[in-house]
Amino acid sequence: LVLESVNGRKVKSLEELNVHLKLPGVLREGLEYARFDFTDGTQIVLPYGALEDANRRIAKTYAVSDPTSFFKR
């Protein structure tokens, strides 16, 4: 998959991705989400409120031990 935009903002580098993720996300029913749009039309929506839980699952699944590897708001 090739990432095209996050939260409606075009992304051309990892630096831009990091900046855009720290800006306000998509609000729906009082919750904030990060929306990732890919060039093939795929869309992934993840709740910001579940970020810590997701980081734990990813760390366990892929044996990532360095906490700086994960996005923090």
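The values are calculated or read from the model by the stated rules, or taken from the named source; none is laboratory data. Bear in mind that the values here come from a model prediction, so they are computed numbers and not experimental data. Because the Cβ atoms are built from the backbone with ideal geometry, glycine has one as well, and the counts that use them run over all protein chains shown. Accessible surface is based on the protein model in full, side chains and every heavy atom, while ligands, DNA and RNA are left aside. Shrake-Rupley method; radii C 1.70, N 1.55, O 1.52, S 1.80 Å.
Structural remarks
- Surrounding net charge for Ser5, when Lys and Arg each add one and Asp and Glu each subtract one, Cβ distance under 9 Å: +1
- Solvent-accessible area, 1.4 Å probe, carbon plus sulfur percent, for the chain: 57 percent
- The candidate values were (1) -0.55, -0.68, -0.74, -1.05; (2) -0.63, -0.79, -0.87, -1.20; (3) -0.76, -0.89, -0.95, -1.12; the one computed from these coordinates for log10 I(q)/I(0) by the Debye sum over Cα atoms at q = 0.16, 0.18, 0.19, 0.24 Å⁻¹ carries the label (2).
- Filtered GluC sites (Glu not before Pro), the range 1-31: DSSP coil and at most 12 other beta carbons within 10 Å: Glu29
- For the range 39-50, putting each phi into the Karplus relation 6.51 cos²θ - 1.76 cosθ + 1.60 with θ = phi - 60° gives couplings of 4, 8, x, 5, 10, 10, 10, 10, x, 5, x, 9 Hz, in residue order, rounded to whole numbers and with x for Gly and Pro.
- Database remark: amide H of Glu32 closer than 5 angstrom to the amide H of Tyr48, Gly49 (H placed geometrically; neighbours at sequence offset of 5 or more, or on other chains; Pro and chain starts carry no H).
- Residues of the range 14-73: accessible area per residue with a 1.4 Å probe, Å²: 77 Å²
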